[in-house]
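> Mind having a look at this structure? Questions to follow.
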Amino acid sequence: MTDRLVLVINCGSSSLKFALRSESEQKPLLSGLAERLGTADGVMNWKAGDIREHVAITDGKHSTAMASLLPLIERFAHRPLTAVGHRVVHGGEHFTGASLIDDEVLAAIEDSAPLAPLHNPAQLTGISEARQVFTDIPHIAIFDTAFHQSMPPHAYRYALPEALYSQHGVRRYGFHGTSHRFVSTQASLLMGLEPGHGAWLTAHLGNGCSTCAVLDGKSLDTSMGMTPLEGLVMGTRSGDVDPNLHSHLARTLGWGLERIDNMLNRESGLLGLSEGLSNDMRTLVAARAEGHAGASLAVEVFCYRLARSLAGLAVALPRIDGVIFTGGIGENSPLVRELTVRHLALFGLAIDPAANATPPGNPARQIQAGNSPAILVIPTDEERQITEECLALLDLAATQPVEQEA
Ligand code: ADP
């Protein structure tokens, strides 16, 4: 069989991220990011091996950025694309896995747009533009929420009036599903378990952060909820707060919904706790070492709340085969791993300091001490997971009988 190629696309309202992945190679053949779309300063930076270049997207259009991909792909792919995989943030209750995009799937993505107003409309634009440029090949949607559709009702329901769930879809959905799925699958391999087996607590810690309890390849609970604001402390997002905060701020400060929304999503988290110093963990770790009180507090709150979330999710599992750290912070911050695991001594978890120190290249590895349950650092690769899910869907479709038209 030829080495199949998938173009992975993640379209935002002002950005377009892409990666060309082959079935057999660990690294992308080509990857890049078009930014500042919607302005006259649009630019697309890309790299392929050692080559790094940029292309101006002066009309700022998503369609122009998408069209600029075509010659690049012809230059680096040397063979036709097999499929285009689109990352879509919210699939509501419609999707439990990768889905071949057709009119019905597009309608369902649109239907979920009120739950992700910043993301789903932009991703629909990306799909529509890509279908015009990359014609005659399958386009496949991969949803951040799909992995968590295996959660039982006692994990996904809020204690709210039933009609809000049944008529308006108010429930917990969870996000970062592609990453939680990828690292838990890799953990089974790393620990020599049967493929896809194991009971894992995963922590995806990037700009957005979430935890997940995974049993034998299924998400049983996760920290994010109806939107990606619930749960952990993140770069600029608050995570959990008292639900009465909105009415308190409205009553006492006269704040409107938009202002509160903006504060919770863009001015809070590590940025808010560090007195506005930074949303970036690397900066905070360095400032903490120099005695910055706000940075210290931000790191402490981040790690304590993370540990508390992992401890809470443990009740979803029959045992713990391992705790997995991933994402920019999870993969690269020995301090965050150490402070977090210190709060989890009750579970017998302990870290080996030498193994915890980040080696060059940051490969997947175990970092627990002595008899502790496994603690794993596993670099995530969402694009590889998307590529594998696209190809698996195509393989499945190829084995199913073609429906005869009446
Ligand atoms: P995104 O969610 O945007 O994909 P990443 O997964 O790249 O984000 O994670 C970004 C976060 O990882 C930032 O807070 C960054 O500071 C943090 N990070 C990266 N390297 C380190 C490091 N060596 N130490 C601490 N934090 C790090």
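> Can you find, within the range 368-402, the residue that is nearest to Ile324 (Cα to Cα) among those that are within 16 Å of the ligand (Cβ to nearest atom) and among the polar types (S, T, N, Q)?
The selected residue is Thr380.
> In the range 132-156, how many are more than 30 Å from Ala314 (Cβ to Cβ) and in contact (Cβ under 8 Å) with a residue 40 or more places away in the chain?
Adding up the residues that qualify gives 8.
> Filter the range 309-332 down to the residues that are of a type in the set (A, V, I, L, M, F, W, C) and under 13 Å from His204 (Cβ atoms), then identify the one that is nearest to the ligand (Cβ to nearest atom).
Top of the filtered list is Ile329.
> In addition: If you check Ile9 against the conditions, is it farther than 23 Å from Gly361 by Cβ and not small (Gly, Ala, Ser)?
Taking the combined requirement at face value, the residue satisfies it.
> Within the range 332-360, work out how many residues are of a type in the set (A, V, I, L, M) and either surrounded by fewer than 14 Cβ atoms within 10 Å (Cβ to Cβ) or assigned to a loop (DSSP other than H, G, I, E, B) (or both).
Qualifying residue count, the range 332-360: 7.
> Just one of (1) touching a residue at least 60 places away in the same chain (Cβ under 8 Å); (2) surrounded by 22 or more Cβ atoms within 10 Å (Cβ to Cβ) trips up Gly328, so point out which.
(2)
> Further question on the same structure: Of all residues in the range 361-383, which are surrounded by fewer than 20 Cβ atoms within 10 Å (Cβ to Cβ) and touching a strand residue (DSSP E or B) at 6+ places or on another chain (Cβ under 9 Å)?
Within the range 361-383, Asn362, Pro363, Ala364, Arg365, Gln366, Ala369, Pro373, Ala374, Pro379 meet the criteria.
> Enumerate the pairs (first residue in the range 43-55 and closer than 12 Å to Arg75 by Cβ and touching a residue at least 12 places away in the same chain (Cβ under 8 Å); second residue anywhere and part of a strand (DSSP E or B) and of a type in the set (S, T, N, Q)) with beta-carbon separation below 7 Å, excluding pairs fewer than 6 apart on the same chain, so at least 6 apart or on different chains.
Trp46/Ser31
> Kindly provide the set of residues from the range 250-279 that are within 12 Å of Ala295 (Cβ to Cβ) and touching a Leu at 6+ places or on another chain (Cβ under 9 Å), ordered by number.
Leu270, Leu271, Leu273, Ser274, Glu275, Leu277, Ser278, Asn279
> With the requirement that a residue be assigned to a loop (DSSP other than H, G, I, E, B), crowded, with 18+ Cβ neighbours inside 10 Å and in contact with a Ser or Thr (Cβ under 7 Å, 6 or more places away or on another chain), what does the range 1-28 give you?
Of everything in the range 1-28, just one residue is assigned to a loop (DSSP other than H, G, I, E, B), crowded, with 18+ Cβ neighbours inside 10 Å and in contact with a Ser or Thr (Cβ under 7 Å, 6 or more places away or on another chain), namely Arg4.
Quick note: the coordinates plus some simple rules give every number you see, no bench work behind them. Not measured: the values here are computed from a predicted model. Glycine also receives a Cβ, built like all others from the backbone with ideal geometry; neighbour counts cover every protein chain displayed.
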